[in-house]
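Heads up: the structure comes next, in structure tokens.
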Amino acid sequence: MLHVDLDQFIAAVEVLRRPELAGRPVIVGGRGDPAERAVVSTASYEARAYGVGSGMPLRIAARKVPDAVILPVDHDAYLEASGKVMAVLRSQPGTTVQVLGWDEAFVGLETSDPEAFARQLQQAVLAETRLHCSVGIGDTLVRAKVATTFGKPAGVFRLTEDNWLEVMGERPTIELWGVGKAVSRRLATLGIKTVSGLAAANTADLVSEFGPKMGPWYAQLGRGDGSRTVDDTPWVARGHSRETTFQRDLTEPRQLDDAVRELAAHVMEDVAAEGRPVVGLTLKVRYAPFTTKTYGRKIPETTDATEVLAKALELAAKIEPGRPVRLLGLRAEMTMPDDSRQGHTPTRSGW
């Protein structure tokens, strides 16, 4: 199985539209104005060399690279480019394609020379879209996904059971797909700091720390084990969310009320297109200067936008009075079809 990951995808799409930007530091985020509150969606390799990364406040990125070209996000352009790439992947004979997002997908196939096929695939994508991609080869989805990081940019790398610990063993656990800062810190409290340490960990200790589901999964992740099946079952969204970063902090209850109403209206437009009832709501609140809290609840199944708004406003009543709010987000969870792909991520022994 292969993991195909488009290199600096969003920035690359922008450079295709503006060839004069090739080789220059390009940052994409918000409305392209570093004076506004927004974060970096992506940065070209030239900008990354200065320490710019996704999720960084745009104003900080602009300080790091004063001569960077800063562009607004254009979702439609990226969606169109992504669709062309996925069409190329699906057009390859004998392949099964499992899309993970705009810029990445798993490709399953039977071949005696996966490296040759990967290079052929790279050429096909480049010829049709003028976009470069890196390809990871693995005998599990986890290993293929991790392998891609060693192939960037525009390269090919293979990780299997035979070389997993040789390549990954002494690396910190945070380099594993599915392990973030919080989990790596919790693992460190158990004395587990490397991938090899996690691979050899006592599963009972992990269960005590992370629970009966996630504990064994982290042990499996340390070994690079997991699903060996590329599943092209269409992904069905569990929910829809919208969020807004305000250029000026909201301080008045009326402002917060209006903002929640607007978010709920947009979310319910997305939900209505799915035709499935809402069963849960989560309100995301970022207080100034940068403290984020979430407030969630299950609700009786409903497709009534008025009922959803009422429940959302009940959550909004939990916002701490007197604290300036710089961001609000609302997510609606929906019921899932019986034939939908199960689970949240392909690392957890399948979807």
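Within region 264-292, the residues that satisfy the criterion of being of a type in the set (A, V, I, L, M, F, W, C), under 27 Å from ARG248 (Cα atoms) and either touching a helix residue (DSSP H, G or I) at 6+ places or on another chain (Cβ under 7 Å) or open to solvent by less than 10 Å² (accessible area, probe 1.4 Å) (or both) are ALA264, VAL267, MET268, LEU281, LEU283, VAL285. Would you say THR282 is assigned to a helix (DSSP H, G or I), modelled with pLDDT of 95 or more and of a type in the set (Ser, Thr, Tyr)? Here the answer is no, as THR282 does not meet what is asked. Within region 182-234, the residues that satisfy the criterion of being small (Gly, Ala, Ser), touching a Pro at 6+ places or on another chain (Cβ under 9 Å) and at pLDDT below 95 are GLY226, SER227. Of all residues in region 83-113, those being more than 21 Å from the chain's Cα centre (by Cα) and charged (D, E, K, R) number 3. Within region 293-334, the residues that satisfy the criterion of being open to solvent by less than 50 Å² (accessible area, probe 1.4 Å) and part of a loop (DSSP other than H, G, I, E, B) are ILE319, PRO324. Residues that are within 23 Å of HIS3 (Cβ to Cβ) and either assigned to a helix (DSSP H, G or I) or touching a Leu at 6+ places or on another chain (Cβ under 7 Å) (or both) within region 182-213 comprise VAL183, SER184, VAL195, SER196, LEU198, ALA199, listed in sequence order.
Within region 7-28, the only residue that satisfies the criterion of being closer than 8 Å to THR42 by Cβ and small (Gly, Ala, Ser) is ALA11. Taken over region 201-227, the criterion of being of a type in the set (A, V, I, L, M) and either crowded, with 20+ Cβ neighbours inside 10 Å or closer than 19 Å to ARG143 by Cβ (or both) is satisfied by ALA201, LEU206, ALA219, LEU221. Evaluate region 289-307: report whether one residue or more is at pLDDT 90 or above, touching a His at 6+ places or on another chain (Cβ under 7 Å) and farther than 29 Å from LEU221 by Cβ. Scanning region 289-307 turns up no residue that is at pLDDT 90 or above, touching a His at 6+ places or on another chain (Cβ under 7 Å) and farther than 29 Å from LEU221 by Cβ. Residues in region 154-181 that are under 29 Å from TYR78 (Cβ atoms) and within 19 Å of the chain's Cα centre (by Cα) were compared, and the one that is most open to solvent (accessible area, probe 1.4 Å) is LYS181. Suppose we keep only residues that are of a type in the set (Val, Ile, Thr) and out of contact with any Phe, Trp or Tyr (no Cβ under 9 Å at 6 or more places or on another chain) within region 228-244. Which one would you say is most open to solvent (accessible area, probe 1.4 Å)? Within region 228-244, the match that is most open to solvent (accessible area, probe 1.4 Å) is THR229. The number of residues in region 152-175 that are within 14 Å of GLY138 (Cα to Cα) and in contact (Cβ under 8 Å) with a residue 24 or more places away in the chain comes to 7.
The values are calculated or read from the model by the stated rules, or taken from the named source; none is laboratory data. As the structure is a computational prediction, the values presented were derived from the model and not from experiment. Counting neighbours? That spans all protein chains shown, and the Cβs are built from the backbone with ideal geometry, glycine included. When the accessible area is computed, the model is the full protein with side chains, heavy atoms only, and any ligands, DNA or RNA have been set aside. Shrake-Rupley method; radii C 1.70, N 1.55, O 1.52, S 1.80 Å.
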